Structures are given as structure tokens and as C-alpha cells.
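Novice: Pasting a structure here, questions to come.
None of the figures in this text is laboratory data; all of them are computed from the coordinates on show. What you are looking at is a predicted structure, and each value in this text was computed from that prediction instead of being measured. Cβ placement follows ideal geometry from the backbone for every residue including glycine, while neighbour counts extend to all protein chains displayed.
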Amino acid sequence: MAIDELLDSTLVARVNALRTEFSDVEAQLGDPHVGDDPKKLATLGRRHSELGPIIDLADRLQEVATDIDEATELAEADPGMADELRQLASDRRAEAEELASKLRSEMTPTNPDDDRDVIVEVRAAAGGAEAAIWAGDLLRMLERYGERQGFRVEGMDSSPSETGGYTKATIAIKGDGAYGRLRFEAGVHRVQRVPKTESQGRIHTSTATVAVLPEVEEVEVEIDPNEVKVDVYRSTGPGGQSVNTTDSAVRLTHLPTGLVVTCQDEKSQLQNKQKAFRILRARLHQMAMDEAQSEVAGERRSQVGTGGRSEKIRTYNFKENRVTDHRIGMTIRRLDEILDGDLDDFVEELRLRDREDRMAEEFGA
């Protein structure tokens, strides 16, 4: 039995093309001079890791298909063993169908940044002082989720609010697959609760926005120093009071795009500058990805959302102990645990829906 009896012709053609590409990538990685270009080496390494599991599955599928052929032929040649051999062929066919399903899944395009570390930006939006407090709650939720996953959480920049929480805060979360798990948190998070400052017990609605940016290496996004204006100033705390006696805070302005990045959490100007450039690289990379996607005709708009800051993705209702994700219509009634970083139920369902949408688009099923 050939592999094309288990897969449709389009898939077989794609597998063959990927085999050719895999061989080419391996040949390039074997070139002793490839290390002279770190950016190319990193790209080839990632592609090799992506293609390896696909080729392994295709090889296993072909082996099982061969086993089916051999068992079927032997059953015809040896009537005494026919029943046992036909059962073996049937079992192997079930295994082949499972492998074919896994192969389709592996061949489904994923977000190319899923394995990267992330930079997460949380900003208070509608709701005044309560929105800043809510932004602080969201920041802690995302930090706790990262810690639960075994990721490393690093503070990057923050602007505390006088009444608590943050007007904005930026953290880095580092670990394999961090972006693939956290990217679904991008968007508007809405809270419905009675603020501590509310004397009449009225429920207020406030919002905060979350941006999730894949972090990229310096060799992947080159920034011309001549195109960046660097300003230094004294870092400040809530209400604008000075919290540092030296000009350690850094503001970068990327002149071609107008992007502005600030960092003031570190006491060292050099450390703040390094962190600011990390954030700037991540933003420039995201801009390039957004532009590339917008140019693709029929760009996919899955039901799990586009990940834009303007999109309301989730509502947290304190009175009803309820958290509802509007993209997938999923409600969980254990709000305290969610705010303590227990996001697995949401994240796994969002990842599953995203995968199903991509498979439907790729294979029409």
C-alpha cells in the first residue's frame, strides 16, 4: 500500500515537497560557513525543528502501509494464518488512519512565533482609577500564569497609579512556547465589580488592554542606531514624584515609525536602555508581521479572534463569580482561581479552536 492510498493527492504532494525542503535545510545546516550568518542559522534551525516531526510521521505512515500490504499478501498465500493476518492488517490500518490524522495536524500551519518568549504590555483603559487597579490585577494574573507554566517572569517597565495598580506596565515572560500560550490574552479585558472607593455599592465596568508581543533576537530585527532618538530622564513614581536621584530612565523614539518606548524600572540607565531596545524590537517585529498578514488575500479571521487590542475578549463579573471568554462562548465560575493565574481551561480550548480553524482552512475539514 502506498502512502497516497491513505492521504489525498494534495497532501501527498505537500509531503513530498516538505521532504525536499527538509533535505535542503539539512544540507545547508551542514555547510561549515552557515555559522557566519547567525540570522540564517537561527532561521534554518527553527525550520528544521518544524519539519522534523512531519517527516518522522510520514516515514512511520509509509512503514505501516507497507506492513498492511505484506500482511494482506501473506493472508492470501497462507490460508491457515489468513484470519490472524487479516486482523493484523486491520489493526495496522487503524494505526495508519491515526497517523494520517496526526500528520494532517502537524502539517497545519501554526503561528511562526509560537515558540518564542513574549513581552506583555498591560494598560488601563476605560474606568479611571478603577481601570488602573484592574490593570494591576490583570498583570498579576498573567505573571502567575507564567509562573504556573514554569516560565520566568521579568519586570520591564511600569507606571504605577496614585490610587493603586498601573496606568501601564510591561513584563517579559520567558520559556519554550510562551507566545503560543499567551497570545490569546491579547485584547480588551472587561471587569464588572464594586470598586473599593464606591460608597453606594454600585457595580462599575472598567477595562484594560493587553498586548502580547513575541520577543525577537537582535540579529532578527536590525535597528539602525541613527534612526533612534535616545532621551534620558529621572524616573518617577505615582503622582510624578521622583524615585531616583539620577537620570536613569530611558525613552527611545524610533524615527521612521514614530514608535516610542520608555523604561524606568531599573536603577541603571544601561539596563533600562537594553530593555527598551528589546521592547522596540518586539514592536517592530509585530508591525512587520501585521503588515505581511494584511497583504495576504483572504486573510484568516478565526473565531478565536485577531488578537487586536480593540477586541473585547473576556468579561470578569465579580458578583456572579463568573469569567466569560466571548470568542469561544466559554464561562468558568471560579473567578478567584482565574485571577490567580489558573488560565489553563481557557488557553487549551482557545488553542484547540485555533488549531481546528487552521485545519479547516488548510484541508477543508
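Novice: For P(r) over Cα pairs in 20 Å bins from 0, in percent, which listed value, (1) 29, 62, 9; (2) 28, 48, 20, 4, 0; (3) 23, 47, 23, 6, 1, comes from the coordinates shown?
Specialist: (3)
Novice: Using only the alpha carbons of the range 3-107, what is the convex hull's orientation-averaged projected area in square nanometres?
Specialist: Approximately 7.7 nm², given one-decimal rounding.
Novice: Right, next: Out of L284, L142, P160, whose Cα points farthest toward the positive end of the dipole of the chain (charges: +1 Lys, Arg; -1 Asp, Glu; placed on Cβ)?
Specialist: P160
Novice: Calculate how steeply helix 344-363 sits against the longest principal axis of the alpha-carbon atoms of the chain, using the helix alpha-carbon long axis, and give the answer as 0 to 90 degrees to the nearest 10.
Specialist: It works out to around 50 degrees.
Novice: Could you give the dipole magnitude of the chain about its Cα centre, charging the beta-carbon of Lys and Arg +1 and that of Asp and Glu -1, in debye to the nearest 20?
Specialist: 2900 debye
Novice: If I stretch the segment between D342 and V219 completely, what's the gain in nm (0.36 nm per residue apart, minus their alpha carbon distance), one decimal?
Specialist: Between D342 and V219, full extension yields 40.8 nm more.
Novice: Next up: For the range 134-151, just list the computed ³J(HN,Hα) in residue order, Karplus coefficients 6.51, -1.76 and 1.60, θ = phi - 60°, integers in Hz, with x standing in for Gly and Pro.
Specialist: After applying 6.51 cos²θ - 1.76 cosθ + 1.60, I find 5, 4, x, 5, 5, 4, 5, 4, 6, 4, 5, 4, x, 5, 4, 7, x, 7 Hz.
Novice: Still on this structure, please answer the following. Please name whichever of A13, L99, G30 sits farthest to the positive end of the charge dipole of the range 3-107, dipole taken about the Cα centre and charges placed at Cβ: Lys and Arg +1, Asp and Glu -1.
Specialist: Comparing the listed Cα positions along the dipole, G30 ranks first.
Novice: Can I ask one more? What number, rounded to the nearest 500 deg cm²/dmol, is the helix-based mean residue ellipticity at 222 nm of the chain, given -39500 (n - 2.57) per DSSP H run of at least four residues and division by all its residues? All intermediate terms of the calculation are to be shown ahead of the outcome.
Specialist: Details: 8 runs with 163 residues, N = 365.
Mean residue ellipticity, 222 nm, calculated: -15500 deg cm²/dmol.
Novice: Right, here's the next one. Could you list log10 I(q)/I(0) for the range 96-136 at q = 0.26 Å⁻¹, which the Debye formula gives when each Cα is one point scatterer?
Specialist: -0.86
Novice: What dipole magnitude, in Debye to the nearest 20, does the range 3-107 give about its Cα centre under +1 on Lys/Arg Cβ and -1 on Asp/Glu Cβ? Kindly include the intermediate steps, with their values, before the conclusion.
Specialist: Details: 12 positive and 26 negative charges, 155 e Å.
It works out to roughly 740 debye.
Novice: Would you order T20, T110, T324 from fewest to most other beta-carbon atoms within 10 Å of each residue's own beta-carbon?
Specialist: Working: T20 10, T110 14, T324 19.
Ranked by crowding around the Cβ, least crowded first: T20, T110, T324.
Novice: For the chain, what's the relative contact order in percent, using C-alpha pairs closer than 8 Å and at least 6 residues apart?
Specialist: The normalised contact order for the chain reaches 15 percent.
Novice: Here's something else I'd like to know. Hey, fewest Cβ within 10 Å first, where do E84, E185 land in order?
Specialist: Least to most surrounded, the residues fall as E84, E185.
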